[in-house]
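Rule-based calculations on the coordinates, nothing more; no lab input. Since this is a predicted model, take the numbers as computed values, not measurements. Reconstructed Cβ throughout: ideal geometry from the backbone, glycine too, with neighbour counts over all protein chains shown.
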Amino acid sequence: MKSETIRFLDRWVGILLCFLLTIFHRLVHIFNLSPTKVHNPKKILFVKLIEQGAMVLACPALEKAKKWVGENNVYVCAFNKNCFVLPILRVLPEENIIEIDTSHFWTLLRDVIKFFFKCRKLGIDTTIDCEFFSRGSAIVTYLSGAKARIGMHGFLNDAPYRGDLMTHKVSYNPYIHTSYIYLLMVEALKEYPGEIPLLKVPFLHEDITIPRYLPDKERLEKWKKLLGKDNEANQNKPYIIFTPNTHDLLRVRKWDIENYLKLARKLIEKFSNITFVLTGFLEERESLNRFEKEIGGNYFINLAGKTDFEDLLTLYTLCDVLVTNDSGPAHFATTSDIDIVVLFGPETPVLFSPVGERVHILYTNLACSPCLNAYNYRFSFCENNKCLKSISVDTVFEEVYKCIQQRKKEPPILN
C-alpha cells in the first residue's frame, strides 16, 4: 500500500477502532483487570512500524531492554519494509522480529490477526509503542494482550486522538531527542501505572551508543575492488557519498539536485583526485546520471539501485564523507566511522538528528520550522522549502572540506 493509504487508514479507521477498543478497555477496568502495581516484565515487545532511520535510534532502548530481560525475550513488531535493519545490525535475531506485510490491505489485516495470536503464544507481557501518536501502533499495542502497555498519551496537548489504551501514559516532550524518549519509555516500566503523566524522573543523560556494523570479508573486498581502494595509489583519495533522495516521499525535505551538482564541481576544483559515490533507489538512477553527463564520468560511480542494505553499510565503512538530507541513510551511516553532513529543514535536529561524534548538522532554524512533527501526521502544506533552499552550496562545501582535511590528520581506519 502507498504511504498515503496507510496514513488515511490510520487517521479515519484508526479513530473508530481506538474509540471501540477504549470502551472495551474501560469495561475491563471496571472489573479491576488492569494492572495496579509496578510491573515486572518478562517479555518485552517494541512496536516500531515505520521509518528505518528511527529504528536505528531505537537501538539503545532495545539494548536496555535486553539487559533487563535477556536478548531472547525482546521482540520488535515492524512493517515488512523495515524488518531487515535490526538483524543486520545484530541487535536482534530474525526470529524476534514480528513482520506485518503492508503490500495490500488484506495482507495487513491477515498479519495483524496473526500478530494477535503470536503474542499470546510467545507470552508477551509488556509492549512499548514507539510511534508516538499513530493510531495503528496504539491498536497493535493493545492487541498484543500485554498487561503493561507503554506509549504516548495526548492529555490536553491537542495531540491526535488515539483512545485510552495504554497502562503507562507517557507525556510527549518535544525538547528531548527521540533516542532518549525511547529510553524513557523503557524506564517508565519501573513506575506505578496509575501515575500520570509519566515520566516524573530527572532527564536521563545516558550515553547513547549506536551499534557498529562489521562487514564480512568477502563483501568488504568486493567493494574495495569496485571503488579502487585495493590500489595503494588511491589510499589517500577522498571518497564522498552523495545521497540526494531525489524521490523522497516527503519532498519538502529535499535539497535540490542542482545544489549537489554545484557542490561536486567545487570539490573537484579543490581535490582533483576525488571520487563520488552516488546512492539511492533504482528509480533515482536516471536523475543521478546527470552527474556523469554534466561533469564527467571519471569522478562518479552511480550505484543507485545496485546496493542492498549491507552493501550500503559497507560503503560507509570505506568512504570519508556522506552528504544527505534528513533521512534513513544519515542514521544508517552512524554505524560506521564516516563523517555525515546532514541537511535539516522541515524537521528539527533537536529530536531527530543522527547520533554520533562524526555527525555534522546544517540547519537554518527558520521561524516556520519544524513544520513536520508528531502532532500533524508529519504532513506539511509547504511548497517552497526555504529552510533547505537557504542552506547554500558554499556552506555545505565548507563543512565537507573541513571533514576531509580533518580525516587527513587522523590515522587510517583499518577495515
Check your understanding: How high is the relative contact order of segment 217-409, given as a whole-number percent (alpha carbon pairs under 8 Å, six or more residues apart)?
Key -> 21
Point to revise | Listed residue (360, 331, 384) projecting farthest to the positive dipole end of segment 217-409, Cβ model | key: 360
Exercise for review: Grab the beta carbon distance between residue 226 and residue 30, set R0 = 51 Å, and tell me the FRET efficiency rounded to 0.05.
Suggested key: 0.20
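Is there a quick way to get the dipole size of segment 292-385? I mean about its Cα centre, with the Cβ of Lys and Arg at +1 and of Asp and Glu at -1; what is the value in debye to the nearest 20?
On the way: 4 positive and 12 negative charges, 51 e Å.
Charge dipole, segment 292-385, about its Cα centre: 240 debye, nearest 20.
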Review point. In Å and whole numbers, how far do the C-alpha atoms of segment 217-409 stretch along each principal axis, longest first?
Key: 51, 35, 33
**Study point:** Which of 303, 23, 245, positive extreme of dipole for the chain (C-beta unit charges)
**Key:** 23
Point to revise | Estimated inter-spin distance, residue 94 and residue 176, nm [label 7 Å along Cα→Cβ] | key: 3.6
Exercise for review: Could you let me know the centre-to-centre spacing of segment 16-86 and segment 106-127, using Cα atoms, in angstrom?
Suggested key: 12
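If we sort 176-189, 68-81 on the protection proxy, mean other Cβ atoms within 10 Å, highest first, what's the order? Walk me through the numbers before you get to the answer.
Details: 176-189: 21.4, 68-81: 19.0.
My ranking of the peptides, most packed first, is 176-189, 68-81.
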**Study point:** Cβ-Cβ FRET estimate between residue 38 and residue 69, R0 fixed at 22 Å, reported to 0.05
**Key:** 0.90
Review point. With each run of n ≥ 4 DSSP H residues scored as -39500 (n - 2.57), what mean residue ellipticity at 222 nm is computed for the chain after dividing by its residue count and rounding to the nearest 500 deg cm²/dmol?
Key: -11000 deg cm²/dmol
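Under 8 Å for C-alpha pairs, at least 6 residues apart: give me the relative contact order for the chain, rounded to a whole percent. Write down the numbers at each step before the final one.
Values: 704 pairs, mean separation 60.2, N = 415.
15 percent.
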Check your understanding: Where the centroid of each part is defined by its Cα atoms, how far is segment 172-195 from segment 321-397 in Å?
Key -> 24
Exercise for review: Could you size up the charge dipole of segment 3-190 around its Cα centre, putting +1 on the beta carbon of Lys and Arg and -1 on that of Asp and Glu, and report it in debye to the nearest 20?
Suggested key: 560
**Study point:** GluC sites (Glu not before Pro) restricted to segment 309-415 and DSSP loop, no more than 12 other C-beta within 10 Å
**Key:** 357, 383
Practice item. Would you calculate the separation in nanometres between label points at residue 273 and residue 410, each defined as 7 Å from the Cα along the Cα-to-beta-carbon direction? Key: 2.0
Review point. Ordered by packing density, taken as the mean number of other Cβ atoms within 10 Å over each peptide's residues, highest first, how do 45-53, 90-98 rank?
Key: 45-53, 90-98
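Determine, for 67, 222, the number of other Cβ atoms within 10 Å of each Cβ, and report the residues in order from fewest to most. Numbers along the way, then the final one.
On the way: 67 11, 222 14.
In order of increasing Cβ crowding within 10 Å: 67, 222.
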Exercise for review: With 5 Å bins from zero, work out the P(r) of segment 256-311 over every alpha carbon pair and list the percent per bin.
Suggested key: 4, 19, 30, 24, 14, 8, 1
Revision key, fill the gap. Once residue 376 and residue 293 are pulled to full extension, the length gained, defined as 0.36 nm per residue separation minus their Cα-Cα distance, is 25.8 nm
Check your understanding: For the chain, with only Lys/Arg (+1) and Asp/Glu (-1) charged at the beta-carbon, what is the dipole magnitude about the Cα centre, in debye rounded to 20?
Key -> 700
Review point. Does segment 3-190 come out rounded, prolate or oblate, given a ≥ b ≥ c as the square roots of the eigenvalues of its C-alpha gyration tensor, rounded meaning a/c under 1.5 and, failing that, prolate meaning a/b above b/c?
Key: rounded
Exercise for review: For the pairs 237/402; 64/190; 43/81; 225/270, note any where the Cα-Cα span goes beyond 18 Å.
Suggested key: 43/81; 225/270
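For a distance above 30 Å, tell me the whole-number percent of Cα pairs in the chain that qualify. Please report the intermediate quantities before stating the final value.
On the way: 38138 of 85905 pairs.
I get 44 percent for the Cα pairs in the chain exceeding 30 Å.
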